[in-house]
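Heads up, the thing below is written out as structure tokens.
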Amino acid sequence: MIRLHCTKKLLTKAPLGEDGRLKSRRNWPLRADAGNESPLSGWHANLILLQRRQCVLFVHDATRFPVFVPALKKDGFADLDWFFQDSFMNTLLKVGADQHHMDAAEKMLAPLVCDNDCNRSVQGTLNQMAQELGWMLEYEQVSVTDISPYKTGAWLAERPSMVKGIRDCIWPGRAMLEFLEGRD
């Protein structure tokens, strides 16, 4: 399982079971280790409104790697697992991941388990990225439905992020690729 720390706004939209898993309309094949916590676990997610569209922005706690899912409709929240996995893998491709990175990431993917725990440092990164997305859309004068979520995630991964307790900044794209090194 991949632990996903959600904001209250996102938790009210996501149809969750008692165990914190999403009630998906799709039948996902579960892995044998789906009950164990994945090394990829530890993400924060926030529901943001961009141009009156519901979008979800995910950020990995350790690497600050972003995953962007734009323009979700009400029934799309049940399939947040699929949207997360699709956007994560394709954003990795956009930041220059090799086949061994992709294989390592694919092995670590698991169902999302949501809760409302939070880390203020990660939430600060989420808020900064959300603001930059809003500014980019306004400056470029484009619709959120016309942008590529994978390219947008890669664009956000190219900016430095600060982490509480670490003196130097983290470059999320590079940090995620380093995280995946040697895990295949």
Test set (1) without any contact (Cβ under 8 Å) to a residue 60 or more places away in the chain; (2) in contact with a strand residue (DSSP E or B) (Cβ under 9 Å, 6 or more places away or on another chain) - Lys74 fails condition number: (1)
Those residues of region 95-106 which are part of a helix (DSSP H, G or I) and surrounded by fewer than 16 Cβ atoms within 10 Å (Cβ to Cβ), in sequence order: Gln99, His100, Met102, Asp103, Glu106
Options Val122, Val113; residue that is outside any helix (DSSP H, G or I) and either within 30 Å of Arg21 (Cβ to Cβ) or under 17 Å from the mean Cα position of the chain (by Cα) (or both): Val113
Tabulated pairs, region 109-130, first more than 19 Å from Thr12 (Cα to Cα), second of a type in the set (Gly, Ala, Ser) and surrounded by 22 or more Cβ atoms within 10 Å (Cβ to Cβ), C-beta under 9 angstrom, 6+ apart or interchain: Thr125/Ser161; Gln128/Ser161; Met129/Ser161
Residue count for region 93-119, restricted to those that are of a type outside the set (Asp, Glu) and within 15 Å of Ser38 (Cβ to Cβ): 10
Asp61 among the charged types (D, E, K, R) and under 21 Å from Pro160 (Cα atoms): yes
Some residue of region 159-167 being in a loop (DSSP other than H, G, I, E, B), surrounded by 14 or more Cβ atoms within 10 Å (Cβ to Cβ) and of a type in the set (D, E, K, R): yes
Residues of region 133-153 satisfying the condition of being within 16 Å of the chain's Cα centre (by Cα) and surrounded by fewer than 16 Cβ atoms within 10 Å (Cβ to Cβ): Ser148, Lys151
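Bear in mind that the values in this text are calculations on the coordinates, not laboratory data. Note that the structure is predicted; figures quoted are calculated from it, not measured. Positions of Cβ are backbone-derived with ideal geometry, glycine not excepted, and every protein chain shown enters the neighbour counts.
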